Amino acid sequence: MSTNTTPYIGENSPLNKITAFFSALQSSAEEYLFVVDLNSKMILLSDNFMKDFDFPSNMVDDLDNLLMPFIYHEDREIFEEAMRNVWTEDKGKTVKCEFRLLHSNGDYGWVNLSITVGGDEFKDQPEFMCGVIKRLDKIAKADYVTGLLRRSVFYNDLTDELEKPNAHGAVIVITLDNFNVITETYGHKFGDGALRQIAQNITNVLPPDIRLYKLDGYSFGLFMPDAMPEEIEIIFASVQLCMREIRNVEDTIYCTASAGAAFYPNDANDVTTLMRYAEVALEIARQKGRDQITFFEKETYDRWRYDIGMQNTMQNCIARGCEDFFLCYQPQVDAKDGRLLGAEALLRWYDDDGSVVAPMQFIPMLEKSRMIIPVGHWIIENAVIMAKKWQQYMPDFQMSINISLYQLEERMFYPFVEDCIERHQIDPHTITFELTETQNVYDWEFVNKQFSAFHDLGIQIAMDDFGSGYSNLAFLKNFRCNIIKIDRAFIEDILTSNFDQNLIRYVTMLCHSIGMQVVIEGVEDEATYKFLRDECKVDQIQGFYFGYPEMEDVFVKRFKK
Ligand code: C2E
Ligand code: CA
Ligand code: CA
């Protein structure tokens, strides 16, 4: 305590009168305190002030000079001016200023200095001056809206927890899904109220010794020593329940929460890594559809990082004009006689190491990041160029191009296709768009209009992977297609499965009765081919039995036979 380091001061010094008071005060204050005896010019410093700046003693005679090297050079004038002004002020007046000070962690941080001149009320002359230096970052420890402690405190507390011997437990981050919608709809004042209520509700469902912290925006953090995954799931279920209560306050308010958790020491035992892992788990929970908790898993994390890496590489590749993409072409033949009718263009990508990556590994990512839009343009452009080229050998050569529904939702897609057809002077009837529904469509009406527009242009529409996902009979009823391509899953066991046999047979009959063609893909052997041809009467076949996806130089040999 201060008494050890405070040197003797004269009995009449005003400092002497206040020493006891000063040492009591400084032990309960986080601020740096100092008192200047205006007669002797001696300055009494609080212990934390002396220690943090390595000053020689609690009693110094030139604070300006001692402190100056710690003040950010551009702010020194501010400090000097405040110290000058204070002499001209009346008793009881306070001079304030803010400047940046070098803290013991090596960073400059803003501080606020207040100095007040005071003295015996019966004397005219001021006797002493008191100063308080507040670290502004420390004041903001609690979140203004929720009253919860903030991220910096969370990090400090978690660091302390991790330093305990044999520490084990979980770090959990929780975020409110779509909370910004509430703020945008009802205003910030209402949003703040709702956020405060949610924070309170979450706090209430946590075990009493567990603290909830406010991280940023709409996210919260906590750590639970000794927690097991099952316990965390139960607690999160309670969090979800209290979200539901918010919804019912006004039936229009709908808010859910997602969470991610990482365990120490198993996943990591330092704050930075643990937090990153918990946040990755949270991101995955959100990607999986929100309103759930995910635990960190190394494999998922590695895959996630790989995806991020691939996303960057692809972004660069697109910026360079899609130069690492290429198309392969798989023959489509007439079921009756095996005659070549056309091909399906299938996308491939050269990874950094030169290996060829299959589309299922990157198309979902292209779709999610909307990079499928520029890549989709590239695919159509190149497939059309190739079709035009091959139509020299075979004028009615049919090119099938895969289109993701994300592309259909893009307003510029139709004009692009129209322009592409015009530029390459190709007959649109020789182009087929294969569509797979891999996503929820938000604007069916618009998508439907797009379908019709392409029909009117003369492009054929094929429904890909029929029988899987959403591409079903209801879809057929609502959308005008020319062709359905039956999912490979129904072909695999066709020689043995009665169900699959009947299904293909009747679906083909149905399609023919409404003027649609049936294409079968995944045909790998002669027996399957013959069955489909003779028993099911399908129209076209695509499959390894008639040809693998091939590069241009290989495919072109088919015309030269
Ligand atoms: P898909 O449109 O159903 O394409 C058919 C897939 O089945 C191709 O796989 C093809 O190589 C494979 N396949 C063809 N015949 C056989 C067979 O007899 N046996 C077996 N086991 N497989 C066969 P690929 O090229 O890996 O493409 C996978 C998926 O990636 C495609 O499924 C399509 O959904 C997507 N895709 C490919 N290229 C593009 C593209 O340019 N744009 C978009 N949006 N998606 C594409
Ligand atoms: Ca396809
Ligand atoms: Ca397919």
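Read-outs: derived from the displayed coordinates by stated rules, not from any lab. Bear in mind that the values here come from a model prediction, so they are computed numbers and not experimental data. Cβ: placed from backbone, ideal geometry, glycine included. Neighbour counts: every protein chain shown.
Each DSSP beta bridge with both residues in the chain is either parallel or antiparallel, and the antiparallel ones are about 70%. Working ranking of peptides 325-333, 505-513 by packing, defined as the average number of other Cβ atoms within 10 Å per residue, highest first, is 325-333, 505-513. Counting only DSSP beta bridges with both residues in segment 145-297, the antiparallel share comes to about 80 percent.
Residue 231 label point, 7 Å along Cα→Cβ, cut-off 12 Å on backbone N: hits in segment 193-209? Of the residues in segment 193-209, 207-209 have backbone N under 12 Å from the label point off residue 231.
Extension gain, residue 512 to residue 559, is 13.9 nm, computed as 0.36 nm per intervening residue step minus the present C-alpha separation.
Distance between the pseudo-spin-label points of residue 125 and residue 137 (7 Å out from Cα toward the beta carbon): 4.3 nm. Assuming R0 = 22 Å, can you tell me the calculated FRET efficiency for the pair residue 305 and residue 356, based on Cβ-Cβ distance, to the nearest 0.05? Rounded to the nearest 0.05, the efficiency is 0.55. For the pair segment 375-454 / segment 475-554, the C-alpha centres are spaced 22 Å from each other. Full extension of the segment from residue 313 to residue 525, taken as 0.36 nm per residue of separation minus the current Cα-Cα distance, would add 72.5 nm.
Separation between the residue 210 and residue 544 pseudo-spin-labels, each 7 Å from Cα along Cα→Cβ, expressed in nm? Each label point is offset 7 Å from its Cα along the Cβ direction, giving 5.1 nm.
With the simple spin-label model, which puts each label point 7 Å out from Cα in the Cβ direction, the residue 276 to residue 185 separation comes to 3.7 nm. In terms of the mean number of neighbouring beta-carbon atoms within 10 Å, the peptides 208-216, 39-47 order highest first as 39-47, 208-216. With helices as the sole contributors, the chain gives -13000 deg cm²/dmol at 222 nm; each DSSP H run of n ≥ 4 counts as -39500 (n - 2.57), and the sum is divided by every residue.
Excluding same-chain neighbours fewer than eight residues apart, the lysines reachable from residue 214 by a Cα-Cα span under 28 Å are 134, 138, 141, 164, 189, 288, 298.
With respect to the chain, whose longest principal axis is taken over its alpha-carbon atoms, helix 229-249 is tilted by about 90°. Bridgeable lysines around residue 537 (alpha carbons under 24 Å apart, same-chain partners fewer than 8 residues away excluded): 336, 477, 485. Residues of segment 128-165 falling in the label zone of residue 105, defined by backbone nitrogen less than 18 Å from a point 7 Å along Cα to beta-carbon, are 134-143, 149-163. The phi-based Karplus calculation (6.51 cos²θ - 1.76 cosθ + 1.60; θ = phi - 60°) puts the 3J(HN,Hα) values of segment 445-454 at 4, 5, 4, 4, 4, 4, 3, 5, 4, 5 Hz, whole numbers, x for Gly and Pro.
For residue 17, the lysines whose Cα falls under 22 Å of its own Cα, not counting residues fewer than eight places away in the same chain, are 41, 91, 93, 123. Note on residue 145/residue 411: beta-carbon distance plugged into 1/(1 + (r/R0)^6) with R0 of 35 Å gives a FRET efficiency of 0.35. Rounded to 0.05, the FRET efficiency of the residue 155 and residue 287 pair, given R0 = 30 Å and the Cβ-Cβ distance, is 0.70.
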